[in-house]
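Rule-based calculations on the coordinates, nothing more; no lab input. All values reported here derive from a predicted model rather than from experimental measurement. Every residue, glycine among them, receives a Cβ derived from its backbone with ideal geometry; neighbour counts consider all protein chains shown.
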Amino acid sequence: MNGPKTRVAELSRADTALEDLLQTLLAEVPDYVPEPGPAPAGQAEPVREETAALNIPAPAPIQETAPPSPARPDWAQGPLKVLVARVGGLRLAVPLLRLSAILPAGDPAAVMRLPAQPAWHRGVMRARGDALVRVDPAALLGLGAAAGGTAYLLVLDSGRFALEIEGMEQPQSVDADEIRWRRAGEGRDWALGVLPGQMCVLLDLDAIETRLAGG
């Protein structure tokens, strides 16, 4: 049986993994760097070489390109309800609007394991008359966190896949303008952004489902 020291070590590893993940995502959002202003009083201006006498054409102006727009979906325009789920010791937020159901994990004996499936494929079960593929999100997203026991299933919008989670917190309302949205075209397409107040990564369930449907 795991003792208190083992549990403390597990929590410490989970906190470190979450902090690393958040820092990586935040680092992918380019920071604004202001243009240099005039030289302070008392400081000489940089020497400019006169090029007119040499008849050297002036360089063409640099065409500035707009920074990538945030990957903010159309449905995230006002306050949105999110559910904070625990996966492998990490806290990950999911938009309730993109879920079709939340189910108890049920009897493990009712889950059929299939051969030659990817590591994230945890088996198939019957739910509400349909086949439901159970997914280990830590393995699917490469979170580097060991999956724990499964308490609930978050059924994605199509009803074909369900994310296994260890637990969840009460739903909460988040102002969409307070979310630090991931920039379009940047890595980690499964992350919509970061919720700074909750120190959580907001999952993009649509992107995750697209990845699952592609095999």
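Here are a few things to note about the model shown:
- Inter-label distance, Lys81 to Ser173: 1.1 nm, where each label sits 7 Å from its Cα along the C-beta direction.
- Potential lengthening between Ala131 and Met199 on full extension [0.36 nm per residue; Cα-Cα distance subtracted]: 21.0 nm
- Two-site label geometry, Ala119 and Asp157: point separation in nm, points 7 Å out along Cα→Cβ: 2.9
- Estimated vicinal HN-Hα couplings, Hz - the stretch 167-181 in sequence order (Karplus 6.51, -1.76, 1.60; Gly, Pro = x): x, 8, 9, 5, x, 9, 8, 10, 6, 4, 6, 8, 7, 8, 6
- Measure of compaction for the stretch 87-213 (Cα Rg per 2.2 N^0.38 Å): 1.05
- Angstrom value of the Kirkwood radius, inverse mean 1/r, which spans all Cα pairs in the stretch 125-165: 10.8
- For the stretch 87-213, the residue among Gln198, Leu156, Pro118 whose Cα projects farthest onto the positive side of the dipole built from Cβ charges is Pro118.
- Estimated dipole of the stretch 87-213 in Debye, rounded to 20 [Cβ of Lys and Arg +1, of Asp and Glu -1, Cα centre]: 360
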